[in-house]
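Participant: Before we start, here is the structure in question, set down as structure tokens.
The values are calculated or read from the model by the stated rules, or taken from the named source; none is laboratory data. Just so it is clear, the model here is predicted, and its values are computed rather than measured. Methodologically, a virtual Cβ is constructed for each residue, glycine included, from the backbone with ideal geometry; neighbour enumeration extends over all protein chains shown.
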Amino acid sequence: MEQEKHIAESLTRDILEVAKGAKSEEELRIGVEKLLEPALKELGIESTPQYGRTIIRGKPDAVYGHVTIEYEKPGKLGTTGGLTETTSQLARYLSEAATQYGGKKEDALRKMIGVSLDGFQILFLRHKGAKIGAGILYFKGRV
């Protein structure tokens, strides 16, 4: 557990640094994706992300198994409009991705997690039956 905590703290610091220098969503995405690969490897997690995979209406930035990541311009989640937009977008991506499971769509939705990241804040979204639960965390550190 101590190793996981150390990796999480290090990843948080590094993401903040990337966000401070990023001027766009794309710059943030590239920087964070470079950080995720070694962190996942250190945790013993094997994953082959898919980028820009077309679903029914749109292309999530990255998909790691049942985790969909949507990157946003640094600071966007700090605005009401940005938070509303990304929550809606993630909910739609998860719902549309779950359609591939046919009659087991609801079971698939319960396993999926949506993540939106602007470098300073991170939003986690999960379907809970007919409801959507979302929570936002703020990265600690000097911004």
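Participant: Could you check region 1-25 and list, in sequence order, the residues that are touching a Phe, Trp or Tyr at 6+ places or on another chain (Cβ under 8 Å) and not polar (S, T, N, Q)?
Facilitator: Ile15, Leu16, Ala19, Glu25
Participant: Would you please list the contacts, defined by Cβ atoms under 8 Å and residues six or more apart or on different chains, that run from a residue in region 78-96 that is within 20 Å of Asp107 (Cα to Cα) and in a helix (DSSP H, G or I) to a residue that is modelled with pLDDT under 90 and charged (D, E, K, R)?
Facilitator: Cβ pairs passing all conditions: Arg92/Arg57; Glu96/Arg57.
Participant: Which numbered condition in (1) free of Cβ contacts under 8 Å to residues at least 60 places away in the same chain; (2) farther than 24 Å from Ser95 by Cα is the only one that Gly58 fails?
Facilitator: Condition (2) is where Gly58 drops out.
Participant: Looking at (1) within 15 Å of Met112 (Cα to Cα); (2) buried (at least 19 other Cβ atoms within 10 Å of the Cβ); (3) hydroxyl-bearing (Ser, Thr, Tyr), can you tell me which one Tyr64 breaks?
Facilitator: All conditions pass for Tyr64, except number (2).
Participant: Give the residue, chosen from Arg29, Arg53, that is at pLDDT 90 or above and either under 22 Å from Phe124 (Cβ atoms) or loosely packed, with under 15 Cβ neighbours inside 10 Å (or both).
Facilitator: Residue meeting the stated conditions: Arg29.
Participant: On the given criteria, is Glu70 part of a strand (DSSP E or B), closer than 20 Å to Glu17 by Cα and modelled with pLDDT of 85 or more?
Facilitator: yes
Participant: Determine, yes or no, whether Pro38 is of a type outside the set (A, V, I, L, M, F, W, C) and either free of Cβ contacts under 8 Å to residues at least 40 places away in the same chain or more than 20 Å from Gln121 (Cα to Cα) (or both).
Facilitator: For Pro38, the condition - of a type outside the set (A, V, I, L, M, F, W, C) and either free of Cβ contacts under 8 Å to residues at least 40 places away in the same chain or more than 20 Å from Gln121 (Cα to Cα) (or both) - is met.
Participant: For Tyr93, only one of the following conditions fails: (1) on the phi > 0 side of the Ramachandran plot; (2) in contact with a Gly (Cβ under 7 Å, 6 or more places away or on another chain). What is its number?
Facilitator: Failing condition for Tyr93: (1).
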